[in-house]
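Here is the structure we will look at, set down as structure tokens.
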Amino acid sequence: MAPQVAVAALVVKNGAVLLVRRGQEPGAGKWSLPGGRVEPGERLEDAVLRELEEETGLRGVVKGLLGISEYIEREGGGVKHHFVILIYRVDVAGGGEPRASGDAAGAAFVPLEEALRMELTHTAREALRVLLGNV
């Protein structure tokens, strides 16, 4: 399987991070950053804003690239999933509370310290560690 390009939005508001509960594999049931695959012909920043709105109902403004993560899941001697994930810092535009939609089974702002104790995806945990190192 060829690597797929994906994006994730790291949104922090009042000391809380926006997380979504994954409704599908990989990582179904775990908490993650809103995000997903980049569609053919779609610009990366457009993709992260689309995914944010699809999964949480919130609109955002890209503030910059936080980092890059890679997720590889192997199965039976082969590769089941391989994603290269670009993680963007995003600010919420306007108000509103997140509401899960799309392939997200839940969405909430969670205090940063509490988020680190949750069952997170690898990418979400990496992003929060980078964020804490930058604060």
Exercise. ALA6 fails exactly one of the following numbered conditions: (1) assigned to a loop (DSSP other than H, G, I, E, B); (2) buried (at least 20 other Cβ atoms within 10 Å of the Cβ). What is the number of that condition?
Worked result: (1)
For this session: Check every one of the helices (runs of 4 or more DSSP H) wholly within segment 38-135 and list those with 1 or more residues that are free of Cβ contacts under 8 Å to residues at least 24 places away in the same chain, surrounded by fewer than 20 Cβ atoms within 10 Å (Cβ to Cβ) and acidic (Asp, Glu).
Result: 44-56, 112-115
For this session: Filter segment 36-54 for residues that are touching a strand residue (DSSP E or B) at 6+ places or on another chain (Cβ under 6 Å) and either charged (D, E, K, R) or within 19 Å of GLY96 (Cβ to Cβ) (or both) and give the result.
Result: ARG37, GLU45, VAL48, LEU49, GLU51, LEU52
Exercise. Which of the residues spanning segment 36-57 are under 15 Å from PHE109 (Cα atoms) and touching a helix residue (DSSP H, G or I) at 6+ places or on another chain (Cβ under 7 Å)?
Worked result: none
For this session: Answer yes or no: is there a residue in segment 22-30 that is of a type in the set (A, V, I, L, M, F, W, C) and out of contact with any Leu (no Cβ under 7 Å at 6 or more places or on another chain).
Result: yes
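We did not get these values from a lab; they are worked out from the coordinates using the rules stated. All values reported here derive from a predicted model rather than from experimental measurement. Quick reminder, even Gly has a Cβ in these numbers, built from the backbone with ideal geometry, and neighbours come from all protein chains shown.
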